[in-house]
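Participant: Just dropping this structure here.
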Amino acid sequence: QVQLVESGGGLVQAGGSLRLSCAASGLTFSNYAMGWFRQAPGKEREFIAAISRNGGNTRYADSVKGRFTISRDNAKNTVYLQMNSLKPDDMAVYYCAADFNIRVVLGADRRYYNYWGQGTQVTVSS
């Protein structure tokens, strides 16, 4: 079966950095655009970043532009999220997701994504 497994979450101080990884299996990884979403307590799951099948295009939420970078390694079936200058507002469970459809604009809507991981917790202290 298709599996997406996030890792790399943990506790960091404000201003610090983390790199999240999402390892995919059970699918042809290069046929999927990949996205990162997050959900904080009491809030809806929100779009963070997306990357096209070959990594040539990326899209970011305004709240993380300039601080977060999405990348992928198709040879390793893995997508990454490098998070720098972390803020307390970044504290959330982070999820990766896979989108099979070819789109003119990378998807920021949860409905576009076919598969989801279980999430990894990011905690930011001050």
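The values are calculated or read from the model by the stated rules, or taken from the named source; none is laboratory data. Keep in mind the model is a prediction, meaning the values are calculated, not measured. Note: ideal-geometry Cβ built from the backbone for every residue, glycine included; neighbour counts use all protein chains shown. Protein only, heavy atoms only, side chains kept; ligands, DNA and RNA dropped before computing areas. Shrake-Rupley method; radii C 1.70, N 1.55, O 1.52, S 1.80 Å.
Participant: Here are some residues: Leu86, Leu81. Which one is crowded, with 20+ Cβ neighbours inside 10 Å and over 20 Å from Gln3 (Cα atoms)?
Facilitator: Leu86
Participant: Determine, yes or no, whether Leu106 is open to solvent by less than 50 Å² (accessible area, probe 1.4 Å), outside any strand (DSSP E or B) and closer than 17 Å to Val2 by Cβ.
Facilitator: Numbers: open to solvent by less than 50 Å² (accessible area, probe 1.4 Å): yes; outside any strand (DSSP E or B): yes; closer than 17 Å to Val2 by Cβ: no.
When the stated conditions are applied, Leu106 does not pass them.
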